Amino acid sequence: MIRIVHTVAELRAHLAGWRDRGQRVALVPTMGNLHAGHFSLVGLARQNADRVVASIFVNPTQFGPDEDFARYPRTPEADAEGLARAGCDLLFLPTVETMYPLGAAAAARIRLPGLAEVLEGAARPGHFDGVASVVARLFNMADPDVAIFGRKDYQQLQVIRHLVRDLAFAIDIVPGPTVREPDGLALSSRNQYLTPEERATAVELIRNLRTMREQAAQGLPIDGIEQEATERLAAAGFVVDYAVVRRADLTRPESGNEAGLIGLVAARLGRTRLIDNLEFDDPGTGA
Ligand code: PAF
């Protein structure tokens with residue numbers, strides 16, 4: 001069985017023991033309700049460190065007032081079992097009081113101008129401030145050598161890289177590839193909310209991202225690529241938040257011929273909001 005700790009003191013005591021033995025520590029931050037995508041991050045952590053700590057904390061400060069914080073599935077027993085099987089050594093399961101000792105309303109907030117305000121940040125105001133604020137706390141509590149974040153949440157990964165560089169955390173950020181269903185749908189805790197019909201439609205996200213990649217390679221204008229993808233997704237039954245082509249830093253490219261471009265989509269099917277992305281130069285992320 002995996003060891004579970006709830007307080008910062010217990011967490012630090014474990015980590016100190018490992019460090020005394022010269023062991024490198026990887027942190028895998030999560031909000032629980034874990035699936036194969038998360039477990040692959042634990043596998044990657046194992047490859048990059050001697051010891052792996054996962055955290056499960058449903059972070060209230062990254063949910064908007066109309067979002068699913070209360071409804072967010074909490075499955076700690078199944079998560080702990082899965083983490084143990086995946087090779088995780090320690091699970092940090094803090095309370096809200098541990099993460100926000102002065103209360104969430106009085107908590108120091110990290111605001112990242114620009115990067116955190118576009119795309120997901122525009123659709124979910126304050127979301128990345130909440131993510132940055134909780135991840136900075138986890139970094140201070142665990143002080144890991146390495147931390148693993150999935151490419152599925154591409155903008156979040158860029159926000160974390162920005163945070164690490166800007167606040168001088170001595171932590172290597174290792175990105176984990178997106179894990180997909182056989183038909184290409186990216187794994188997500190939110191997929192479980194889809195009706196069978198919506199699940200069949202959801203595959204259009206990755207199909208459209210692949211089309212966007214082909215059209216960019218042909219040098220078609222970015223505006224047209226984005227508009228067509230938006231129209232195709234709407235015709236398939238999505239309410240589209242965005243379907244865009246961006247540079248790695250999420251600025252808008254001049255043309256599809258630039259290297260290192262990425263397609264990003266966010267769209268709702270019924271009550272479920274899904275996101276996905278495809279790095280055009282990296283066949284490993286899109287199957
Ligand atoms: O990706 C997530 O699950 C969360 O945003 C994270 C990074 C654990 C912060 O709460």
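Summary table below
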item: Helices (runs of 4 or more DSSP H) fully within segment 152-230 counting 3 or more residues that are within 14 Å of the ligand (Cβ to nearest atom); result: 154-166
item: Pair list, Cβ under 8 Å, 6 or more apart: segment 259-275 residue over 24 Å from TYR193 (Cα atoms), other residue open to solvent by 10 Å² or more (accessible area, probe 1.4 Å) and among the hydroxyl-bearing types (Ser, Thr, Tyr); result: ILE262/TYR154
item: Leading residue by the ranking (surrounded by the most Cβ atoms within 10 Å (Cβ to Cβ)) among those in segment 178-193 that are on the phi < 0 side of the Ramachandran plot and in contact with a helix residue (DSSP H, G or I) (Cβ under 6 Å, 6 or more places away or on another chain); result: THR178
item: Yes/no for ARG273 being farther than 15 Å from LEU157 by Cβ, open to solvent by 30 Å² or more (accessible area, probe 1.4 Å) and charged (D, E, K, R); result: yes
item: Residues (crowded, with 20+ Cβ neighbours inside 10 Å and in contact with a Phe, Trp or Tyr (Cβ under 7 Å, 6 or more places away or on another chain)) located in segment 1-30; result: LEU11, VAL25
item: Conditions (1) surrounded by fewer than 18 Cβ atoms within 10 Å (Cβ to Cβ); (2) more than 16 Å from the ligand (Cβ to nearest atom): number failed by ALA123; result: (2)
item: Segment 48-80, residues that are without any contact (Cβ under 8 Å) to a residue 40 or more places away in the chain and farther than 25 Å from ASP129 by Cα; result: ASP50, ARG51, VAL52, GLU77
item: Close pairs from segment 28-45: first farther than 21 Å from ASN140 by Cβ, partner charged (D, E, K, R) and near the ligand (Cβ under 9 Å from one of its atoms), Cβ under 7 Å, at least 6 apart; result: GLY37/LYS152
item: Entirely in segment 1-112, the strands (runs of 3 or more DSSP E) that have 2 or more residues that are within 13 Å of the ligand (Cβ to nearest atom) and within 22 Å of the chain's Cα centre (by Cα); result: 25-30, 51-56
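Per-residue answers, yes or no, for (1) modelled with pLDDT of 95 or more; (2) more than 23 Å from THR251 (Cα to Cα); (3) in contact with a Pro (Cβ under 9 Å, 6 or more places away or on another chain):
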| site | (1), (2), (3) |
| --- | --- |
| TYR193 | no, yes, no |
| ARG199 | yes, yes, no |
| ILE206 | yes, no, no |
| ARG210 | yes, no, no |
| ALA217 | no, no, no |
| ILE222 | yes, no, yes |
| LEU233 | yes, no, no |
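The values are calculated or read from the model by the stated rules, or taken from the named source; none is laboratory data. These figures come from a predicted structure and were not determined experimentally. In this analysis, Cβ positions are derived from the backbone assuming ideal geometry, glycine residues included, and neighbour counts consider all displayed protein chains. In case anyone asks, the SASA skips ligands and DNA or RNA and just uses the protein heavy atoms, side chains included. Shrake-Rupley method; radii C 1.70, N 1.55, O 1.52, S 1.80 Å.
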